[in-house]
1. Please list, ordered by first then second residue, the pairs with beta carbon atoms under 7 Å, 6 or more apart or interchain, first in the range 1-22 and part of a loop (DSSP other than H, G, I, E, B), second among the basic types (Lys, Arg).
2. Quick check on residue 40: is it touching a strand residue (DSSP E or B) at 6+ places or on another chain (Cβ under 7 Å), part of a loop (DSSP other than H, G, I, E, B) and in contact (Cβ under 8 Å) with a residue 24 or more places away in the chain?
3. Among the residues of the range 64-74, are any part of a strand (DSSP E or B), at pLDDT below 95 and among the aromatic types (Phe, Trp, Tyr)?
Amino acid sequence: MSERLTWEEIQERYPDQWVGLVEVEYEPDNDATIKTAIVKYTDKSKNELTRMQIQTNGEVLGRYTTPDHVFQLGVVGYFG
């Protein structure tokens with residue numbers, strides 16, 4: 001997994017899952033929008049990727065590939 005992919009390609013190859021990205025390149029006009037990256041992890045949870053992001057000082061970036069399908073369980077539990 002060392003191929004540089006666009007964000008759209010990452011979403012197509014790894015739908016509905018957390019991925020750990022490295023060497024992230026952002027869109028020039030928007031620091032929050034990923035242009036390309038290398039997928040390093042596909043087998044980690046959100047918590048694991050968040051911990052790795054903190055420990056590596058942002059070298060690893062965790063993202064969910066289909067954000068429209070994410071609903072935080074904490075909110076569901078709150079309303080349940």
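The values are calculated or read from the model by the stated rules, or taken from the named source; none is laboratory data. The shown structure was predicted, so the numbers you read here are calculated from the model rather than taken from an experiment. Here the Cβ is made from the backbone with ideal geometry for all residues, glycine too, and neighbour counts use every protein chain on show.
1. Pairs found: 1/40.
2. On the way: touching a strand residue (DSSP E or B) at 6+ places or on another chain (Cβ under 7 Å): yes; part of a loop (DSSP other than H, G, I, E, B): no; in contact (Cβ under 8 Å) with a residue 24 or more places away in the chain: yes.
Spelling it out, it is not the case that residue 40 is touching a strand residue (DSSP E or B) at 6+ places or on another chain (Cβ under 7 Å), part of a loop (DSSP other than H, G, I, E, B) and in contact (Cβ under 8 Å) with a residue 24 or more places away in the chain.
3. Scanning the range 64-74 turns up at least one residue that is part of a strand (DSSP E or B), at pLDDT below 95 and among the aromatic types (Phe, Trp, Tyr).
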